[in-house]
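Presented below is the structure to which this report refers.
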């Protein structure tokens, strides 16, 4: 079974490479394709921030007016995952020069995939944690400091992916 999958996938890749020259793409390179795909996957991190900000912002909208400023402080935290994705994308783009080795394109793919997926999940669930903290602040069950502390836990994994990506593409 596994040998047939390997032979099938190698056949598909060979045919895809032939397709590149057939449709007029000279010097088609899978590593370059994957490198730019990795840059595209960083959009997942931006999406995670947008989703998390929407969730947390929705919670702020339901707060009592006198407590709303405290909720705003907590609601902006999911935005950092988008910043991490942007920073990784910016640094990766600087590495993809005309003379970049193929290995660099594969490193960019890995960095983009790791950061994009981690920031998507981290931003989304950080928004959920922030919304719960905002609700607790509104009900006087928790202070801003405790809500911020809880929101840091999902953030930690986005920071790890960011750090790993930086180490990978240096």
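Coordinate-derived values only; no laboratory data. Small disclaimer: the values here were computed from a predicted structure and weren't measured. Please note: Cβ atoms are built from the backbone with ideal geometry, for glycine as well, and neighbour counts cover all protein chains shown.
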Original post:
Among 153-162, 41-50, how do they line up from the highest to the lowest mean number of other beta-carbon atoms within 10 Å?
Top reply: 41-50, 153-162
Subject >> Rounded tilt (10° steps) of 102-138 against the dominant C-alpha axis of the chain >> reply: 20 degrees
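If segment 39-127 were replaced by its equivalent ellipsoid, with semi-axes equal to the square roots of 5 times the Cα gyration tensor eigenvalues, what would those be, largest first, whole Å? Write down the numbers at each step before the final one.
On the way: eigenvalues 237, 22, 9 Å².
Largest first, segment 39-127 gives 34, 10, 7 Å.
Please order 141, 95 by the number of other Cβ within 10 Å, starting at the fewest.
Numbers: 141 10, 95 15.
Going from least to most buried by this count: 141, 95.
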Original post:
Which Rg and Dmax, in Å, describe the Cα atoms of the chain?
Top reply: 21.0, 67
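If neighbour count is taken as other Cβ atoms inside 10 Å, put 63, 166, 93 in order from fewest to most. Walk me through the intermediate numbers first.
Numbers: 63 19, 166 15, 93 12.
Taking fewest neighbouring Cβ atoms as first place, the list is 93, 166, 63.
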Original post:
By how many degrees, between 0 and 90 and to the nearest 10, does the Cα long axis of helix 43-61 differ from the longest principal axis of the chain?
Top reply: 10 degrees
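Would you please give the FRET efficiency between residue 100 and residue 69, computed as 1/(1 + (r/R0)^6) with r the Cβ-Cβ distance and R0 = 41 Å, to the nearest 0.05?
Working: r = 48 Å, r/R0 = 1.16.
Once rounded, the FRET efficiency stands at 0.30.
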Original post:
With labels modelled as points extended 7 Å from the Cα through the Cβ direction, what inter-label distance (nm, one decimal) is found for residue 76 paired with residue 37?
Top reply: 3.8 nm
Original post:
By how many degrees, between 0 and 90 and to the nearest 10, does the Cα long axis of helix 30-41 differ from the longest principal axis of the chain?
Top reply: 10 degrees
